[in-house]
Every structure is written in structure tokens, then in C-alpha cells.
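Asker: Sharing a structure, written as C-alpha cells. Questions coming.
Coordinate-derived values only; no laboratory data. Keep in mind the model is a prediction, meaning the values are calculated, not measured. All Cβ positions, glycine included, derive from the backbone under ideal geometry; neighbour counts span all protein chains shown.
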Amino acid sequence: MSPSRTETTDEALMSRFQSGERMAFTVLVRRHQTPLYNFALRQLRSGPAAEEVVQETFVRVVQNAAEFKNAARFSSWLYTIARNLCIDSLRKGGLRRHPSLDEPQRGPHGAHSLGGEGPTLGDRTPDAKASVERAVVSSEIRARVLAAIDELPDDQREVFLLREVSNLPFKEIAIIVDAPENTVKSRMRYALERLQATLSEFEEYARALR
Amino acid sequence: MDCEKVESVLMDELYGDLDELTSAALRRHVAGCARCSALLDGFRATRQLAALPLVEPPHSLEARVLDAALPRAAAVSRAVPASEDVSFGRRLARIVSIAGSWAMRPQTAMAALFLVMVGAAVPLLRGKSSRAAANAEIRVTEQGMPAPAATAAPIAPSAAAEPPPAPVAQVARPSDVPGSPKPAAHAATAEEFRELATGKGEARDREHDKDSRALRERTPSGALAENTPSRKAYADSPAGAGVAGGGPAARPAPAFAAAPPAAPPSPPAAPVAAAAAAPASNAAADDVGETNPFDAALSAYRAHRYAEASRAFEALAAGDPNADLWAARSLREASGCGAAASRFDQVARRAAGTPAGWDALLEGAQCYRGNGDVPTARARLIALLGVPGYKDRAQAELDRLARGRNGM
């Protein structure tokens, strides 16, 4: 997540934090915790594990704050830490899939839904009758999308998440995953192609939304 | 631009990372190339389909992150409002945050420490200098008790029956009283809260003078010092003659000698004695009531007559920071922390930079914690971390807050 032009940059906030302004750290936490949490959530497929990664990431930021040089992007550093923590968690193998994230749950009308998500596609349509149908379809799409992302190879999934969820440029992603930028772009393309194949039945629906 | 070039910059175009010139060239090619057009459209549709709404992390995550990363400054940093529209409590905590950030600078920290040390030393120096002169005139008593019951019978019950006043210097640490769920309104302004913690400003000097006088007028036992006029009058009265030494009277007052202790007083004598004693007792009572209203209020507090104590202390609060503090304590006992929290803030503001003010900050924080208002409690406790003599207690309270949060 990049700050708007009127907001203080991450690097400026880190500089102020290094000078002793702890308030700056709070701003950084608030700015990055949601996309960071989502990145870890989609990687680890576990809410509690994702929370731990977020917490530990910021702890390490504080612990190593003195070593941060403004020549590098703060977000690159932040996600490098988070990515390493996710890798460590996955290697430990102590995580299991969380049903509520990957499997659709039945809602009050029998429709499949994923709890805690944002507004459905049906919420945007004024037609009440059609909106119910769209809600059902969109819920199913959402479940399929989650499953499809989950099935991506690790290297493609992390690039996809860093780009789509954390909104980081390819140049930064290359630093985070320690790969050339062109390699990162290739992984992104492969990820999109896999998702395209998996979700092809809904592609027409997606085109209709544009 | 050709298809091969489009392939190489496709991801950049898809995510808007291309410069305008290259993007324009790509769009011109795509407009005339069905293959590249289908390729780009396909990826755009997939992106749109795969766009997941962000899942909001648990509300408690931010606090846990700050607690883990910045244990001591968590409350300070957390007080930063996320938007313009913030409650007074958040503004108050934000001021503490700003003050804390300034305090982190070495020069500011040294200057603040110097001011706190000077502020803490002023009452001691003033008290010491005045006490030196007073010591030449008075004899400090161990207890401010009136004469024993046998000789003090004619004395008005209100003057004789009261137990020795509790030492004012002892600051009882009240147990936490669960108050109402709603925290009271926060009265201190931003500027005043800074003064609360550091004791800067004219308010501190004024309150210091008042507090010093109040402390000088009380011995450690809580009774009035004997150099005060009212105390002298009491000592001069027949009823008070036995207590000029301050301790339990060893000899009966002359007025009481008319009635033998063992025998019931004869009717003529008793009224005479009573009449003789009555003015004295009245005088004593008046003296006690007039000169020791604080002790009377404190007695009511100790007798659990909190509403009465609250009224009595409130009547004295305007000119006495200690009475102000005890008024807040009485209100806490009578009505709970829901009502008392803001009253403690009021004391802290009025007695900024004094022990009474610091006690009010500490006990107010305990009240806010009891009310469930953890951030407000933290703000006050953090302000006390820089006050010598209160740092340990404030830190203990902060640790208690942290344990309570982690255990939730």
C-alpha cells in the first residue's frame, strides 16, 4: 500500500521513528497491517498464523530499526521479513487448512459464502431479484478464486499476492523474493494464466462486469 | 510495436507501470492485433475475477502488535487518531504521545528531569525552612489526641469521641473499585495535561504554595500543628490544658477537678462542671470544628460515611489540594469510579506538579482501568513514569494493564 501524495512516506516515518518518534511507528502499523495480514493469510491459510506473522514482522522492524537505511523501500523490507516468516511457518508444517477460508459455508439462504468478506457483486445491483442470484454466483466465484489461488505454485502465489493484495510494484517484489524483475513478471503471467484456466467458466461473467 | 514487444511489456501495461509513450504504442498495436487484444483482455478479466476484497484483521491485532513491538510506548503511539474526528480521550492520549516523543529526545528528557527534580524539591525546601523556625516554638506531638475519656467526659462528644486523625501523609492505596462501565468525561485540556505530568506553569507554583501550607499545618499524625492560632486557643482552654503536651492528658483539666472521677458528679456540681466545661468544650469543639475540619471529614471517611466525607472535603477542596484529593476518594467510595475518574482528573489539574496531583493521576488511572478504559488509564500512567517516586507504581499499574490485556 503506497501512501498518497499528501501522506508522509513510509521512509520518512521510519526516519522519524529512528529519531525517537514512536508515534510514527503506529502510523506504519496502521498503514500496512491489513495488506500484510492478507498476504500472510493467503499464504498460510490460517488467521491466527497470519496474525502471528504480522505481529512478529513489526517486532522485527522495531528490533532492527536502527539498521534500516532509507536507500531501500520500507515496504520491501517489511514484506521480506513477512515472507521469510511465512516460509518458516510453512516449513514447520504445523499449519492446517482453515475451513472457513477455503471452503464455502452455507449462509442463511443456503447460499455458499465466505465469512468476513467485503460486499458481494450482488450488493451493487439495484435489481433485488437478480441481486440474489448474483450473490449466489459471486459467492461461488469467490470460493473458486480462493481455491485457485491456493493451488498456485508457491513462487507464483507469492508474486500474485504481493502484486494483487499488497499492491507492490514488480521492482520491489523482485527485491523481496530475491529474483530478477523479469522472472517476477513471468511468474505473474504464469499465475494469471493458471487462474484464467481455472476460472474460465466464469470469465464471461467477469467480462459482463466490465 | 510488434507482438513480441507486447509480450515483453504486457505485465507492465496490465498493472499501469508503463510509461505513457510505450503504453500508447502498445494500445495502437493492440487495436489492430486480435491475438494481442485477446491476450490483454483475457488477463484483465482474470484480474478482475480474482480480485478479492481485503479481509480486515481482528480489531485487537493493532494493539497486540504495538504491545509486542513497543511495550512501554504502546499506549502513547496507539493514541494517534486514525482520522480527524477523535474523542477527547484520544486527543488527551495523543498529547501524551507527543509529549512522550519529545521526552524521548535526550535534551528534552534531561530538561524535564531537571524540572521535575526542582519541582519536587521546592516544597521540601520551603517546608524545611519554615519548619526550622516552627520547631523553635512548638513541640511536635506523637498523637493529637484530646484528654483521656475520664477527664474529658464534659467535653463535647464530637470532640472527644473521634479517634486520632489518620496521618495525612500516609496515602492509602485504595483497592480498585469497579465503577460504571461508562468512563467519566475527561476534563484536562492538552496544555494542562502536559503540566500535570511535568508540573510546569504557574498553576504548579500556586498549588505548591497551598500544598506546602497545608502540609505544614498538619503533623504526621494529622492533627494540627501547635503553632496555629486555633490550636493554641484549644491548648489554653481548661479542657485543652491537659493536651498542651499533645499526648493523652496525664492530668485533668482544672475545671474537671470539681467532680471526683469515682463518684458521680452532684447535680449542682455537675451542671457547674458541665457548664464550666461546656464553654470550654464548646470552645474546644468549636476550635476542633473550626480548626480541624479536615480531620472531621477524614473521620467520616474512615467511618465509611463517604457521602458526608465527600461533602466535607468538597467544602475544603478549593484551598487545599489534599482535601481535593480526598474529596475525589470519597466520591469514589460513595459513587464508584464511574463518577470519580473525572474528579481525579480535576484534582490532577488543580494540583499539577504536586504529590496530591500525582496521586490523583495514579488513582484516576486505576479508576479508568476499573471502568474498562485502558487507553485513558495508560495515558495517565505513562505521564507518571517521569515522576520520581511514582515511576515504580505507575509501571506496576502498566504491567497490570498489560497482563489483563494478554489474558483477555
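Asker: Per-residue Cβ counts within 10 Å, from other chains only, averaged over A:165-172: what number is that?
Answerer: The per-residue average across the peptide is 2.
Asker: Which order do peptides B:367-377, B:115-125, B:27-37 fall in by mean Cβ count within 10 Å, highest first?
Answerer: Final packing ranking: B:367-377, B:115-125, B:27-37.
Asker: For the range B:304-367, which chymotrypsin sites (Phe, Trp or Tyr not before Pro) pass both filters: DSSP loop (anything but H, G, I, E, B) and at most 16 other C-beta atoms within 10 Å?
Answerer: Taking the range B:304-367 and a limit of 16 other Cβ atoms within 10 Å, no loop chymotrypsin sites (Phe, Trp or Tyr not before Pro) are found.
Asker: What trypsin sites (Lys or Arg not before Pro) in the range A:1-66 are in a loop by DSSP, with at most 12 other Cβ atoms within 10 Å of the Cβ?
Answerer: A:Arg5
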